[in-house]
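Some notes on the structure that comes next.
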2 protein chains.
Amino acid sequence: MRNIIIASTSTLHNGTYLDYLLPLLEKHFKNASTILFIPYARPGGISHDEYTSIVRESFLSINKEVKGIHEFENPQKAIENAEAIFTGGGNTFVLVSELYRNNVLDTIEKAVKNGTPYLGTSAGSNICGLTMNTTNDMPIVYPPSFRTLGFVSFNINPHYLDPDTNSKHMGETRETRIKEFHAYNPQPVLGLREGSWLEVNGDSIKLKGELTARLFKQNQEPIEIEPETELNTLK
Amino acid sequence: MRNIIIASTSTLHNGTYLDYLLPLLEKHFKNASTILFIPYARPGGISHDEYTSIVRESFLSINKEVKGIHEFENPQKAIENAEAIFTGGGNTFVLVSELYRNNVLDTIEKAVKNGTPYLGTSAGSNICGLTMNTTNDMPIVYPPSFRTLGFVSFNINPHYLDPDTNSKHMGETRETRIKEFHAYNPQPVLGLREGSWLEVNGDSIKLKGELTARLFKQNQEPIEIEPETELNTLK
């Protein structure tokens, strides 16, 4: 049975790394003593080791060990043997390129389908959607494909940001960008605000946290979704 | 002799489409009665016809006719025969995909090298750099490559935005994104603020407008570049 948390962000404003999620993660990872961390997204270009240290430090407080996937000779086996998997944020293009280069996308999909608990934050949540076409990241490398894990039958837009009505900047708002996405792609997009997450348990997909999320469907006006809404029929 | 304007944006806050550039464009396009417009970037997903109408309206005031490249049966010949070329903004992924699909990237490069005056705004400026890896746009379609025109030997980041020190949003700042770009790519990136543009005349590349631009080089602290700075040795 699938057991997945898809979080908009790892860190809230004025918070520390993962702190707001730790009580939840203690339950989510209750049967795991070691978490396999996938540091491929390299936020700010930091190394896999540096990134894994930050995550290790954070999980110490709930008594979980953390191993970076880069510490294993065979990343596919590392995933197959993992008690739990966490993919951290950073740059989605870098993350997806590395997942393809190491040929582990299907391995993760299979492990999670078979019940290995998964946590994604930011870029690690982006890849839980059908494709990475709704990432906010800069395309600093060229991945072999934009197809991702498809744990949910729609796309995720993490760090969803409402239009700033006071801004004098002429760049596109997030809403405009997602509207442009729907000129070329049919699947819904869920804009997850920072502090929101999805909990996937078996066939159930529920919005969690205190905030509403913004749902964009092709050729329809976006709507706000309340916490606890069941999204398992959304596609 | 090359004759190129690479503008950060088509439209300033409280301005109308291209208005701040029109006096300059009157000179830039002085030998052209008709401008070939490339509407492939489709801002907001609007049609090629709709987009071309907006541009046609704007150029009326300086007595230029506008033809959309999509109105021609053979887009390569349209470029070869063009008196002047303008590539408008929108989504860079869509723009670059269409440039490759219509096989016109090299045709534009050759025409502009041979003296056809070129104007780019936003996405149309992004493609003047070596690659589109420093676009701000959402990757709503998958282009066959990120390589672009290389009119300058560096990358462009249009709509450059300084970090908002009051923001509580945890998404990456533009500066962080460009720093991540430099973890994987060697070329400099010029952050062009809205209201700034580059003028390329022959071998000269000068920053124009009233604002400074932010220059990012790999493994160096970013610096501010003054208007009128010659950038032809930057690479």
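The values are calculated or read from the model by the stated rules, or taken from the named source; none is laboratory data. Please read all numbers here as calculations on a predicted model, not as lab measurements. Glycine gets a Cβ as well: all are built from the backbone with ideal geometry, and neighbour counts include every protein chain shown. SASA here: full protein model, heavy atoms, side chains in, ligands and nucleic acids out. Shrake-Rupley method; radii C 1.70, N 1.55, O 1.52, S 1.80 Å.
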For segment A:76-95 the number of residues that are assigned to a helix (DSSP H, G or I), over 22 Å from A:Gly129 (Cα atoms) and open to solvent by 20 Å² or more (accessible area, probe 1.4 Å) is 1
Condition first: modelled with pLDDT under 95, open to solvent by 10 Å² or more (accessible area, probe 1.4 Å), more than 21 Å from A:Ile6 (Cα to Cα) and within 8 Å of another protein chain (Cβ to nearest Cβ). Now tell me which residues in segment A:148-182 satisfy that.
A:Lys168, A:His169, A:Met170, A:Gly171, A:Glu172, A:Thr176, A:Arg177, A:Lys179
For segment B:39-56, which positions are closer than 14 Å to B:Phe86 by Cα and either of a type in the set (Val, Ile, Thr) or in a helix (DSSP H, G or I) (or both)?
B:His48, B:Tyr51, B:Thr52, B:Ser53, B:Ile54, B:Val55, B:Arg56
On the given criteria, is A:Tyr142 outside any loop (DSSP other than H, G, I, E, B), closer than 27 Å to B:Arg147 by Cα and among the hydroxyl-bearing types (Ser, Thr, Tyr)?
no
Total residues in segment B:183-235, condition part of a strand (DSSP E or B) and open to solvent by less than 30 Å² (accessible area, probe 1.4 Å)
11
Quick check: anything in segment A:6-21 free of Cβ contacts under 8 Å to residues at least 12 places away in the same chain and surrounded by 15 or more Cβ atoms within 10 Å (Cβ to Cβ)?
yes
Any idea how many residues of segment A:13-48 are farther than 18 Å from A:Asn126 by Cα and not polar (S, T, N, Q)?
20
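Quick one: in segment A:29-52, which of the residues that are more than 14 Å from chain B (Cβ to nearest Cβ) and open to solvent by 20 Å² or more (accessible area, probe 1.4 Å) is nearest to A:Val141 (Cα to Cα)?
A:Asp49
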For residues in segment A:96-119 being within 14 Å of chain B (Cβ to nearest Cβ) and open to solvent by 10 Å² or more (accessible area, probe 1.4 Å), which is nearest to A:Thr52 (Cα to Cα)?
A:Glu98
Say we look at segment A:120-132 and pick out the residues that are part of a loop (DSSP other than H, G, I, E, B) and open to solvent by 10 Å² or more (accessible area, probe 1.4 Å); which of these is farthest from the other protein chains (Cβ to nearest Cβ)?
A:Leu130
Looking at segment A:155-198, which of its residues are in contact with a strand residue (DSSP E or B) (Cβ under 7 Å, 6 or more places away or on another chain) and among the polar types (S, T, N, Q)?
A:Asn155, A:Asn157, A:Gln187, A:Ser196
Residues being in contact with an Asp or Glu (Cβ under 9 Å, 6 or more places away or on another chain) and in contact (Cβ under 8 Å) with a residue 40 or more places away in the chain - total across segment A:144-161:
6
Would you pick out the residues in segment A:2-35 that are within 25 Å of B:Thr165 (Cβ to Cβ) and in contact with a Phe, Trp or Tyr (Cβ under 7 Å, 6 or more places away or on another chain)?
A:Ser8, A:Ser10, A:Thr11, A:Leu12
